[in-house]
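Everything below concerns the one structure shown next.
The values are calculated or read from the model by the stated rules, or taken from the named source; none is laboratory data. Small disclaimer: the values here were computed from a predicted structure and weren't measured. As a convention, Cβ positions derive from the backbone with ideal geometry for all residues, glycine included, and neighbour counts pool all protein chains shown. Note: areas computed on protein heavy atoms with side chains; ligands, DNA, RNA excluded. Shrake-Rupley method; radii C 1.70, N 1.55, O 1.52, S 1.80 Å.
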Amino acid sequence: MRKKKKSPTEVSALGQYIPISVDKARRVIDQIRWRSYKETLMILELMPYRACYPIFKLIYSAAANAKHNKGFEKEKLIVWKAEVNKGTTRKKLKPRARGRSYMIKRPTCHITIVLKDISYYSEEYETLYNQEKYLPRKFRLKSSGAIWDKK
């Protein structure tokens with residue numbers, strides 16, 4: 001397997017074997033993708049899900065890596081890539097009546113966060129990023145321009 005070269009403006013943090021199911025972690029990760037560092041921290045602090053705390057720690061760690069290793073400012077970071085992959089499943093046996101046992105499965109996941117520094121790009125990039133037509137297709141508003149309040 002070939003390792004991918006990272007650009008000089010990217011910093012990552014990897015959390016492995018986090019005891020949360022993949023679907024519950026993806027529900028939170030989908031809310032923070034493509035957002036700024038400050039906005040991401042605010043969202044994670046206010047969301048009522050248990051998966052927010054490990055993701056919060058990972059983003060905080062990735063920002064600390066950016067500041068310490070590459071000297072980036074935290075205000076100029078955005079969440080460029082956020083992935084959740086399935087990890088191993090821990091299995092335990094729970095004793096039941098008449099000498100039987102039931103299997104208890106505890107899923108784990110691996111979370112990868114990549115932050116990118118946008119201060120190296122020109123001001124044109126920042127204005128293009130804020131415009132809707134330059135966002136990835138799945139993040140665009142799906143409106144045909146029709147009037148919805150017809151009576």
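Please go through the stretch 1-42 and pick out each residue that is without any contact (Cβ under 8 Å) to a residue 60 or more places away in the chain and over 17 Å from residue 81 (Cβ atoms). Answer for the stretch 1-42, where residues must be without any contact (Cβ under 8 Å) to a residue 60 or more places away in the chain and over 17 Å from residue 81 (Cβ atoms): 1, 2, 23, 24, 27, 38, 41, 42. Can you tell me which residue within the stretch 45-64, out of those that are among the hydrophobic types (A, V, I, L, M, F, W, C) and open to solvent by 10 Å² or more (accessible area, probe 1.4 Å), is nearest to residue 114 (Cα to Cα)? Among residues in the stretch 45-64 that are among the hydrophobic types (A, V, I, L, M, F, W, C) and open to solvent by 10 Å² or more (accessible area, probe 1.4 Å), the one nearest to residue 114 (Cα to Cα) is 58. Filtering the stretch 65-86 for residues that are open to solvent by 90 Å² or more (accessible area, probe 1.4 Å), in a strand (DSSP E or B), more than 16 Å from residue 117 (Cα to Cα) and at pLDDT 95 or above leaves a non-empty set.
With the checklist (1) touching a strand residue (DSSP E or B) at 6+ places or on another chain (Cβ under 9 Å); (2) free of Cβ contacts under 8 Å to residues at least 24 places away in the same chain in hand, flag the one item residue 70 doesn't pass. The one condition residue 70 does not meet is (2). Beta carbons closer than 8 Å, at least 6 apart along the sequence or on distinct chains, pair a first residue in the stretch 83-106 that is farther than 20 Å from residue 20 by Cβ with a second that is of a type outside the set (Gly, Ala, Ser) and surrounded by 10 or more Cβ atoms within 10 Å (Cβ to Cβ) for 93/104; 94/104; 101/93; 102/93. Taking the stretch 26-44 as the range and being open to solvent by less than 50 Å² (accessible area, probe 1.4 Å) and more than 10 Å from the chain's Cα centre (by Cα) as the test, the residues that pass are 36, 37, 41, 43, 44.
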